[in-house]
Amino acid sequence: MTANRIRTPRIVERVMAYASLGLPPLFWAGNFIVSRAVRDLTAPLTLLTVRWVVAFVCLSPFALPIMRRDAPRYWQHRWLMLGTALTGIVGFNALIYVGVRTTTASNALLMNALIPLMIVFFGAIFYRQRLTLAQGAGLILSLLGVFTLVLHGQWSQWSALALVPGDAVVLAAMACFAFYTLWIRRLPADLDRLGVLGAHITIGVCLLLPLWFIAPISATSAHWTISFAAAALYVGIFPSVLAYLLYMRAVRFFGAERAGLSIHLIPAFGVILSTLFLHERLHLWHATGIVAIALGLVCSSFRQASAPPTNGGDVSHVREV
């Protein structure tokens with residue numbers, strides 16, 4: 001009886017821990033679809049500002065008490081707090097919304113797949129982090145899965161990909177998110193992540209609102225329709241509040257490299273959502289790419305059995321974010 005009582009919470013903790021790997025890519029995949037659906041209704045700056053204002057309003061009742069309590073600690077780690085807010089909240093999303101208007105969907109997905117590689121590269125250069133053999137194999141396998149999805153299973157199309165001006169902007173966005181992933185890991189483990197996200201969003205809103213007010217009308221235009229309102233609620237809650245909270249949890253308990261690798265699930269979930277909601281046909285290369293990505297994530301998890309868990313590697317000690 002006692003063993004069952006002990007085992008059940010650990011099972012729940014494991015489910016919650018692995019959900020923190022899978023749900024953020026699902027919500028971010030939905031963000032791509034929703035953002036493209038309303039791109040003719042709003043300018044990028046307006047969508048970005050409205051997104052984080054909605055997130056601020058939804059999160060504030062829960063985060064403000066924690067933020068007041070932890071304010072001295074935020075100041076103690078002020079440069080890390082500012083850096084993660086600028087890269088993860090403002091820089092990444094602003095550059096994405098600008099870049100996707102001038103780049104192709106294929107190029108954007110390919111560069112999105114570079115985030116795990118950038119995390120590994122920047123981690124090795126700046127923090128001397130090492131990649132295990134299983135993680136390296138998983139990274140390559142999942143990357144091949146992403147390329148299979150983007151190229152529609154026809155690798156000969158690789159030569160047909162052409163660079164456009166928006167690619168440099170999107171690439172800069174990917175670098176921002178890679179640094180965000182590495183830096184968020186360096187915040188103290190006992191610092192409540194709900195308050196951290198609240199502080200990040202507050203910084204983002206304080207930076208975006210003045211820009212929105214002083215920007216020319218052409219940069220802030222929007223058609224305030226029911227469709228736009230529904231889109232604003234989605235992007236403000238799911239890919240912003242929920243996805244970022246869960247992603248911080250994943251980085252904390254699985255490490256930056258493995259959490260970053262879960263980003264490869266975004267195109268896989270994008271395919272599934274497009275099939276369900278846009279009635280697009282599912283092809284064999286879809287299934288091949290999704291299976292390769294899933295196998296890559298499974299392969300990277302072998303690290304847990306072969307190496308002692310680091311701070312946050314043991315999912316049996318999952319605590320509240």
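Laid out as a table, the results:
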{"quantity": "Those helices (runs of 4 or more DSSP H) lying entirely in segment 23-127 with at least 2 residues more than 14 Å from residue 237 (Cα to Cα), within 20 Å of the chain's Cα centre (by Cα) and modelled with pLDDT under 85", "calculated": "44-76, 92-99, 105-112, 115-127"}
{"quantity": "Criterion: within 26 Å of residue 296 (Cα to Cα), modelled with pLDDT of 85 or more and either part of a helix (DSSP H, G or I) or not hydrophobic (A, V, I, L, M, F, W, C) (or both) - qualifying residue of 239, 210, 188", "calculated": "239"}
{"quantity": "Test result for residue 264, of a type outside the set (D, E, K, R) and more than 14 Å from the chain's Cα centre (by Cα)", "calculated": "no"}
{"quantity": "Cβ pairs under 7 Å, 6+ apart, first in segment 264-281 and within 9 Å of residue 26 (Cβ to Cβ) and surrounded by fewer than 21 Cβ atoms within 10 Å (Cβ to Cβ), second of a type outside the set (A, V, I, L, M) and modelled with pLDDT of 75 or more", "calculated": "273/30"}
{"quantity": "Residues (modelled with pLDDT under 75 and among the polar types (S, T, N, Q)) located in segment 1-22", "calculated": "2, 4, 8"}
{"quantity": "In segment 35-83, residue nearest to residue 213 (Cα to Cα) [restricted to those that are of a type outside the set (Val, Ile, Thr), surrounded by 14 or more Cβ atoms within 10 Å (Cβ to Cβ) and in contact with a His (Cβ under 9 Å, 6 or more places away or on another chain)]", "calculated": "41"}
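The values are calculated or read from the model by the stated rules, or taken from the named source; none is laboratory data. Everything numeric in this text was worked out from a predicted model, so none of it was measured. Methodologically, a virtual Cβ is constructed for each residue, glycine included, from the backbone with ideal geometry; neighbour enumeration extends over all protein chains shown.
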